[in-house]
Amino acid sequence: MPGDGDIGALTTLLAANRRSGGSPVDVATLTALVVGPASWTRRQLVVLDPAGTLVGWGVVHDRANGRTEVTVLVARDAPAQDAIAAGLFAWADREATEVAALRRAPRTQLDSAAEADDQRQRGWLAGAGYACVRTWLHMVRPVVPAEAEPDVLPAPRPGVRVRRVREHGNGLPTAEDLQTVHLVLEQSFADHFNSYREGFAEFVVRLQEDPWHRWDHWWIAEVELDGQWRPGGALISSVSPPDAAGAYGSYVDYIGVHRRARGRGVAKSLLYTVIADAARRGRNRVSLEVDADSSTNADGLYLSLGWVVDHRTESWHRYLDAGSEG
């Protein structure tokens, strides 16, 4: 299991596995994952070579009941890279099986990822029994200071309004609004790829593990129906760590529109809200991730609003029974 003394070596390992031209390694997130709150739901293993150099890292994340995320990274200059990767994936199988058994889940989905052009990682995943199931577009939209001004970005249509999640006097959000966001997102994604039910408590705790999470980055869209304002959409964003130039951005973690509110420009209103918010905070971009294979044509919406594709990643899945190791 890695500790404080491994942060530097893991930073180097992550940097070596990043795509060319990508953002610098986010040390705050890495630290939270290794020794902070995010480590509490993860099992981790590091591999050292005979000289004591860290050459491999495996992470098994107990994300939710029946959902386990697996990360395997190997140094690009390490000898026996294929053997290290195979060993880490075999270890991940054993740990994931135990996690599922502890949850009394009869089966768990293992979810891992690779850059779309990383043939080394893709080969290891295929060899470990994973299959590529989805491609994701990572998109970015530049933000300019003028977009912080009123009336620069389009206002919501009549019958639609957007507000920030309400807060108590101590700065913490109200339970009612947090539960509204969770419910809207659960209902919005019910017909999407790989959707599953996540309990409210698990949802909130998982988001708080991210050191860049901020409560004042949660938004609710309301629509007027039969003379009443009802929740019609929700957006959760967070801070994007500094890019190569040292500039912060905003990141859209989730955006969902309830079926009863679709076709009313709710998604655009939420996106314009987070763009204006980023501009007011002096940020230079808003980033997000979208399913390239979605039937909703969400990528078309983002392209029409100024987002461009930065890079592509893939989701690779494998399934394990709790009573077996594959």
(request) Answer yes or no as to whether Pro150 is modelled with pLDDT under 95 and not assigned by TED's automatic domain parsing to the domain that holds Val59. (result) yes
(request) Name the single residue, out of those in the range 278-324 being closer than 30 Å to Val60 by Cα and aromatic (Phe, Trp, Tyr), that is nearest to the chain's Cα centre (by Cα). (result) Trp316
(request) Name the single residue, out of those in the range 117-141 being crowded, with 21+ Cβ neighbours inside 10 Å and in a loop (DSSP other than H, G, I, E, B), that is farthest from the chain's Cα centre (by Cα). (result) Ala128
(request) Give the residues of the range 252-270 that are within 23 Å of the chain's Cα centre (by Cα), without any contact (Cβ under 8 Å) to a residue 40 or more places away in the chain and more than 14 Å from Thr296 (Cα to Cα), sorted by residue number. (result) Val252
(request) Please enumerate the residues belonging to the range 210-222 that are at pLDDT below 95 and either surrounded by fewer than 18 Cβ atoms within 10 Å (Cβ to Cβ) or part of a helix (DSSP H, G or I) (or both). (result) none
(request) Report the residue count in the range 1-11 for those that are touching a residue at least 24 places away in the same chain (Cβ under 8 Å) and either more than 14 Å from Leu73 (Cα to Cα) or part of a helix (DSSP H, G or I) (or both). (result) 7
(message) Can you say whether Asp26 is surrounded by fewer than 16 Cβ atoms within 10 Å (Cβ to Cβ) and either in contact (Cβ under 8 Å) with a residue 12 or more places away in the chain or assigned by TED's automatic domain parsing to the domain that holds Ala244 (or both), as far as the supplied structure shows?
(response) no
(request) Would you check which residues across the range 13-23 are free of Cβ contacts under 8 Å to residues at least 60 places away in the same chain and either in contact with an Asp or Glu (Cβ under 8 Å, 6 or more places away or on another chain) or exposed (fewer than 14 other Cβ atoms within 10 Å of the Cβ) (or both) and list them? (result) Ala15, Arg18, Ser20, Gly21
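The values are calculated or read from the model by the stated rules, or taken from the named source; none is laboratory data. Keep in mind that what you see is a predicted model, and the values were worked out from it rather than measured. Ideal geometry is used to build each Cβ from the backbone, glycine not excepted, and the neighbour counts take in all protein chains shown.
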